[in-house]
Amino acid sequence: MALLESLPAEIEASEFEKFFEKIKSDFPADEFPELFIHYQQVDDKILILGIGESGECGEQAYRAYQENPELRKYESTTRILRAPKKRFLLR
Amino acid sequence: MSDNVIIQMDGNYPDISSGIISFSNAKTGKSVSLKAPQDFLSGIYGVKSITMDSGAGYTILPENFATLLDISRPKGFKAECYIFSGVGGTSVCFLSPHPLLIGIEDENGNKVEKMITPFFLTNYAPSITSEGKLLAKEEHQPYTEQVIDFISPPFQYCDNYTVKVSSPLRKFPPQDRRLRLEVDVGKEMDYILIGRDWQKGFRLIFDAERMIIVKGGELA
């Protein structure tokens, strides 16, 4: 289930950091310990292509690129909004 | 496509020793396949082994592997460092800007796939000897400042899944904890770790030098 009702979601670039904070508070860490976000910026708009656990975020982004190949032209990136520390322990 | 893939592992160590492992950039479609064991023996792409690592939280690839997949290190504020710590040492990585589709195929053509967002390793230090120097590097600031207290040794860890392992070479009792493996301290990053980000959604059974991957199961 996608965290956002519909993806891709468009946000004003100036509102992006606020959006991060809202996501963090709307989806508490105990219920959602891992949050990845994949997005791209086109002019003054941010397009969210995926958000959720690592794999879930990747799946959503993949679908977005499949459904709209035009999106492949734009620079995109992934950020981690939240991840459990223990995921960074190797053994 | 299948729900059940069987590949060979290297003795007691979950190095993938048979089949084909593929990586594909979800955005550009650029892909790379490695056939075991021949491509590991030849060191193609600089990769000499791929480990299905039950102890690693995420999948980690060598940095030089990124360019093969149309991926470059993010710049500016997006270029955050992520620190991985283990008994073998400390690794500094960047997060892939694009998701990757990983596929594992056995010799019968059965294949399982999963989309993940992996990390690429940029710097590594073996345990104790040079971890402090690695973390203190200017290029890693401010990302490494907060992790010093968290870096082993010692660190406490517990997990809530059971790994069952058997082998003609060695017996492992079922453990309600991480699979402890012998670690080659100081091993260079000429290998790929497929971590639990991939393993979610699959049941992994390590059985007498075989790795059985069952789609749709829980971590075993």
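Quick check: anything in the stretch A:33-47 surrounded by fewer than 16 Cβ atoms within 10 Å (Cβ to Cβ), under 25 Å from B:Gly201 (Cα atoms) and away from every other protein chain (no Cβ under 12 Å)?
No, because not a single residue in the stretch A:33-47 is surrounded by fewer than 16 Cβ atoms within 10 Å (Cβ to Cβ), under 25 Å from B:Gly201 (Cα atoms) and away from every other protein chain (no Cβ under 12 Å).
Could you pull out the residue among B:Leu68, B:Leu61, B:Leu41, B:Leu34 that is under 14 Å from the mean Cα position of the chain (by Cα) and modelled with pLDDT of 90 or more? Outline the logic, then answer.
On the way: B:Leu68 fails: under 14 Å from the mean Cα position of the chain (by Cα); B:Leu41 fails: under 14 Å from the mean Cα position of the chain (by Cα); B:Leu34 fails: under 14 Å from the mean Cα position of the chain (by Cα).
Step by step, each of B:Leu68, B:Leu61, B:Leu41, B:Leu34 is checked, and only B:Leu61 is under 14 Å from the mean Cα position of the chain (by Cα) and modelled with pLDDT of 90 or more.
Out of A:Gly50, A:Gly58, which single residue is within 8 Å of chain B (Cβ to nearest Cβ), assigned to a strand (DSSP E or B) and at pLDDT 90 or above? So that I can check it myself, show each step before the final result.
On the way: A:Gly58 fails: assigned to a strand (DSSP E or B).
A:Gly50 is the lone residue from the list that is within 8 Å of chain B (Cβ to nearest Cβ), assigned to a strand (DSSP E or B) and at pLDDT 90 or above.
Confirm whether A:Arg72 is surrounded by fewer than 21 Cβ atoms within 10 Å (Cβ to Cβ) and either at the interface with another protein chain (Cβ under 8 Å from one of its Cβ atoms) or assigned to a loop (DSSP other than H, G, I, E, B) (or both).
Numbers: surrounded by fewer than 21 Cβ atoms within 10 Å (Cβ to Cβ): yes; either at the interface with another protein chain (Cβ under 8 Å from one of its Cβ atoms) or assigned to a loop (DSSP other than H, G, I, E, B) (or both): yes.
In short, yes.
Quickly run through the stretch A:4-20 and pick out the residues that are surrounded by 11 or more Cβ atoms within 10 Å (Cβ to Cβ), farther than 19 Å from A:Arg72 by Cα and more than 14 Å from chain B (Cβ to nearest Cβ).
Result: A:Leu4, A:Glu12, A:Glu15, A:Lys18, A:Phe19.
In the set B:Leu204, B:Leu134, which member is away from every other protein chain (no Cβ under 11 Å), assigned to a helix (DSSP H, G or I) and at pLDDT 70 or above?
On the way: B:Leu204 fails: assigned to a helix (DSSP H, G or I).
That would be B:Leu134, the only listed residue that is away from every other protein chain (no Cβ under 11 Å), assigned to a helix (DSSP H, G or I) and at pLDDT 70 or above.
The values are calculated or read from the model by the stated rules, or taken from the named source; none is laboratory data. Note that the coordinates shown come from a computational prediction; the quantities given were computed from them, not determined experimentally. Here Cβ is always computed from backbone atoms with ideal geometry, including for glycine, and neighbour counts include all displayed protein chains.
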